[in-house]
Amino acid sequence: MDDPVLAEIVRGAGDAVIVADPDGAITYWNAAAEAMFGRSADEAVGASLDVVVPEGLRQRHWEGFRHTMATGETKYGGQTLAVPAVRADGERISVEFTVALLRDATGAVSGIAAIMRDVTAAWEERRALARRVRELESELAALRQ
């Protein structure tokens with residue numbers, strides 16, 4: 001990064017910042033990505049994005065990724081997405097993230113950046129709450145009969 005202030009913000013951000021080239025190879029991995037995914041930057045940089053995408057979702061991920069790189073457009077720009085991800089130890093986590101296409105001086109897509117946050121605890125709480133609501137609705141329905 002040419003701007004030292006911006007570089008320091010990205011390095012020190014509490015959210016994971018991951019950048020990949022047009023082939024899906026990781027080119028940047030900040031300290032928060034290290035903590036979230038359990039991989040050092042040395043392990044991650046140069047590796048495929050497969051290191052964070054669960055195996056069962058990879059085909060869909062790569063179809064969308066290749067389309068975005070080929071067209072230079074993403075339908076997810078400016079949106080927060082929620083997806084499962086995988087840590088180095090194989091643990092699945094829930095993440096929310098935004099993406100930004102990166103372009104070179106000619107305007108061609110030169111990569112993609114994702115800013116990610118681990119929302120596993122909140123996702124599990126919502127799931128438990130929904131399960132409890134269903135249980136209570138069933139109990140209430142049984143009492144009414």
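The values are calculated or read from the model by the stated rules, or taken from the named source; none is laboratory data. Just so we're clear, the structure is a prediction, and the values are computed from it rather than from any experiment. Cβ atoms come from the backbone with ideal geometry, glycine included; neighbour counts cover every protein chain shown. Areas reflect the complete protein model, heavy atoms only, side chains present, ligands, DNA and RNA absent. Shrake-Rupley method; radii C 1.70, N 1.55, O 1.52, S 1.80 Å.
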For the charge dipole of the chain, defined by +1 on Lys and Arg C-beta atoms and -1 on Asp and Glu C-beta atoms about the Cα centroid, which residue among Val133, Tyr28, Val5 has the Cα displaced farthest towards the positive pole?
-> Val133
Most fluctuating of Ala33, Ala105, Ala70 in the GNM of the chain (C-alpha, under 10 Å) is Ala105
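What is the Cα radius of gyration of segment 48-114 over 2.2 N^0.38 Å, N being its residue count? Present the calculation step by step, with values, prior to reporting the outcome.
On the way: Rg = 12.8 Å, N = 67, 2.2 N^0.38 = 10.9 Å.
My calculation over the Cα atoms of segment 48-114 gives 1.18.
Based on the mean of other Cβ atoms within 10 Å per residue, sort peptides 130-139, 94-103, 78-87 so the most packed one is first. Each step should come with its number before you reach the end.
Values: 130-139: 10.0, 94-103: 16.9, 78-87: 13.9.
Ranking the peptides 130-139, 94-103, 78-87 by packing returns 94-103, 78-87, 130-139.
Write out the trypsin sites (Lys or Arg not before Pro) in segment 37-85 meeting two conditions: DSSP loop, and at most 10 other Cβ atoms within 10 Å of their Cβ. Can you show the working numbers first?
On the way: sites: Arg39, Arg58, Arg60, Arg66, Lys75; in loops: Arg39, Lys75.
Hits after loop and neighbour filter: Lys75.
Can you tell me the dipole magnitude for the chain around its Cα centre, using point charges on the Cβ only (Lys, Arg +1; Asp, Glu -1), in Debye to the nearest 20? Numbers along the way, then the final one.
On the way: 16 positive and 23 negative charges, 144 e Å.
Dipole about the Cα centre, nearest 20: 700 debye.
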Surface per residue (accessible, 1.4 Å probe) for the chain, Å² | 64 Å²
Efficiency of FRET between Ala70 and Thr98 - r from beta-carbon atoms, R0 22 angstrom, step 0.05 | 0.55
